[in-house]
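One structure is given here, and the rest of the page talks about it.
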Amino acid sequence: MESALTQQVEKTKRAHSIWFLLKEDIACVFERDPAARNKLEVMTTYPGVHALIAHRFAHALWNNNWRYLSRFISYLSRIWTSIEIHPGAKIGRRFFIDHGTGVVIGETAELGDDVTLYHGVTLGGTSWSQGKRHPTLKQGVVVGAGAKILGPITLGENVKVGANSVVIKNVVAHRTVVGIPAKVVQNKVNSELNPFGVDLNHHLIPDPVAGAISCLLERIRILEQELGKDGNHSAEKIMEDECFECDAKEVCEDTTITESRNNSVKNTMIQDARI
């Protein structure tokens, strides 16, 4: 019993050692970037990996109260990689920053295992308080390029954030958010995983604005049709004032269907007006 417990303790210590973490950090690149070809290339040309290596050592120094030295390492890493990670930030295993330029991670940010960030992401604070002021990202979160996650909020497991979104509220697990401010646009538990069991399809999101506009256009069409049937317009008046063409029809819907429907509505309205 004691032997099994000792082995478990040693295994836990090894899993949290810097060298073991770095080995996992390098290996996970091949799971999330199809452009990665070999370990030498990853270790020498990936700024996200360089920034993470520097952070692992800086964070260890920070936890041992070597505050200035850890901040200086973080500063040198920012100059070298264009990625700024505060040494106080807590980052889990198999963390991956793709491309990396412009990524900022604040002091009290907490990232779980298997988190992926793209370039331009900010995990920023919104308070003057010395306490928790940066976001927490749970396991498997994917944040698209240019997104900003602000304040002491929590993103649940496997949340996906669309590019250039601004997240200012908590997001429950298995949701996709997009927009400014970000709103939930997809409730999806079943993910499309790659061969390594990772879902990076954060671009597969519906467009809520286009959906709302489409609904409004359909409602306007129905109201115009009802007005033509029940109103007292003359045929000449209808011909002059009614709108039968849409400048955005190529964007909104199929052109053939739109033209057919417009012609049908037009003929019906003219006939009703003559009666």
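Quick notes
- Taken over the range 132-174, the criterion of being more than 24 Å from HIS99 (Cα to Cα) and among the hydroxyl-bearing types (Ser, Thr, Tyr) is satisfied by THR154 alone.
- Qualifying residue in the range 155-170 (condition: assigned to a loop (DSSP other than H, G, I, E, B), in contact with a His (Cβ under 8 Å, 6 or more places away or on another chain), modelled with pLDDT of 90 or more and acidic (Asp, Glu)): yes
- Sole residue being closer than 15 Å to LEU123 by Cβ, in the same structural domain as THR116 (by TED's automatic domain parsing) and part of a loop (DSSP other than H, G, I, E, B), chosen from PRO152, PRO181: PRO152
- All conditions but one from (1) aliphatic (A, V, I, L, M); (2) modelled with pLDDT of 85 or more; (3) surrounded by fewer than 18 Cβ atoms within 10 Å (Cβ to Cβ) apply to VAL29; the one that does not is (3).
- Listed by first and then second residue, the pairs with beta-carbon distance under 7 Å, at least 6 apart or on different chains, first residue in the range 94-109 and at negative phi, second surrounded by fewer than 17 Cβ atoms within 10 Å (Cβ to Cβ) and not charged (D, E, K, R), are THR101/SER82; VAL104/GLY124; GLY106/GLY124.
- For the range 92-112, a residue qualifies if it is outside any loop (DSSP other than H, G, I, E, B) and surrounded by fewer than 22 Cβ atoms within 10 Å (Cβ to Cβ), and the qualifying residues are VAL104, GLU110.
- When the range 19-45 is filtered for residues that are outside any helix (DSSP H, G or I), of a type in the set (D, E, K, R) and under 14 Å from ILE97 (Cα atoms), only ASP33 remains.
- Residue match in the range 123-137 (condition: modelled with pLDDT under 95, surrounded by fewer than 16 Cβ atoms within 10 Å (Cβ to Cβ), in contact with a strand residue (DSSP E or B) (Cβ under 8 Å, 6 or more places away or on another chain) and assigned by TED's automatic domain parsing to the domain that holds PRO47): yes
- Residues being in contact (Cβ under 8 Å) with a residue 60 or more places away in the chain and either assigned to a loop (DSSP other than H, G, I, E, B) or under 23 Å from VAL29 (Cα atoms) (or both) are represented in the range 120-143 by at least one member.
The values are calculated or read from the model by the stated rules, or taken from the named source; none is laboratory data. The structure displayed is predicted, hence computed values, not measured ones. Neighbour counts run over all protein chains shown; Cβ positions are idealised from the backbone, glycine included.
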